[in-house]
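Notes follow the structure.
The values are calculated or read from the model by the stated rules, or taken from the named source; none is laboratory data. On a predicted model such as this, the values are computed, not experimentally measured, just so you know. Because the Cβ atoms are built from the backbone with ideal geometry, glycine has one as well, and the counts that use them run over all protein chains shown.
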Amino acid sequence: MSKKRLKRKKLHNKLFTKNRLVILNEDTFEEIFSLKLTLMNVFVVATLGAIILISITTFIIAFTPLREYIPGYSSSKLKRDATELALKSDSLIIALKKNEAYIQSIQKVLNGQLEYAKFNKDSILNVSDEPVLQYNLNASKEELELRSKVAAEEKKAAQLSKTKGQTTKKPK
């Protein structure tokens, strides 16, 4: 136990013993700069300096265009170009579908499968569009019956709560 205490005391003395850092002119031995330091102060300043240096470097890389030079980060111009190309390709696919429908209908006219009087570019392009699905949103008979049952049960529950409230009141 005393050995541990002695080791701690020696370490404490080494960390907190004041030392003097002196910068001298070598030719004249004139003192240019002097500073009193402890080993603990040096460790604290070095640690804080490293943390500040790392945080500044991270900030510069994360929030400036320098991040584009790091593998894994893509440039903002590349992202913008990819988005524009995706939009253009979608519109080209739609135009291609319309043109294919138009060409097929022209082939039908040329083959004699469709009368010329029925041939209209607008009607062909409308056929090529995808149809909009219609949904029946009206309630079914079973649903209407269930709604009426629930309404009746709620009405009974409301009446019971009113009658309970009247019987539990104490006369003044």
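Numbers for the structure displayed
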{"read-out": "Residue that is modelled with the lowest pLDDT, among those in region 43-70 that are of a type in the set (F, W, Y) and farther than 30 Å from H12 by Cα", "value": "Y69"}
{"read-out": "Residue in region 25-42 that is under 50 Å from the mean Cα position of the chain (by Cα), surrounded by 10 or more Cβ atoms within 10 Å (Cβ to Cβ), of a type in the set (S, T, Y) and at pLDDT 90 or above present", "value": "yes"}
{"read-out": "Within region 3-32, tally of residues that are touching a residue at least 12 places away in the same chain (Cβ under 8 Å) and either outside the structural domain of V45 (by TED's automatic domain parsing) or in contact with a strand residue (DSSP E or B) (Cβ under 8 Å, 6 or more places away or on another chain) (or both)", "value": "5"}
{"read-out": "Segments classed as helices (runs of 4 or more DSSP H), wholly inside region 71-172, with at least 3 members that are at pLDDT 80 or above and out of contact with any Phe, Trp or Tyr (no Cβ under 6 Å at 6 or more places or on another chain)", "value": "76-111, 141-168"}
{"read-out": "Only listed residue being part of a strand (DSSP E or B) and among the hydrophobic types (A, V, I, L, M, F, W, C), chosen from I32, I56, I61", "value": "I32"}
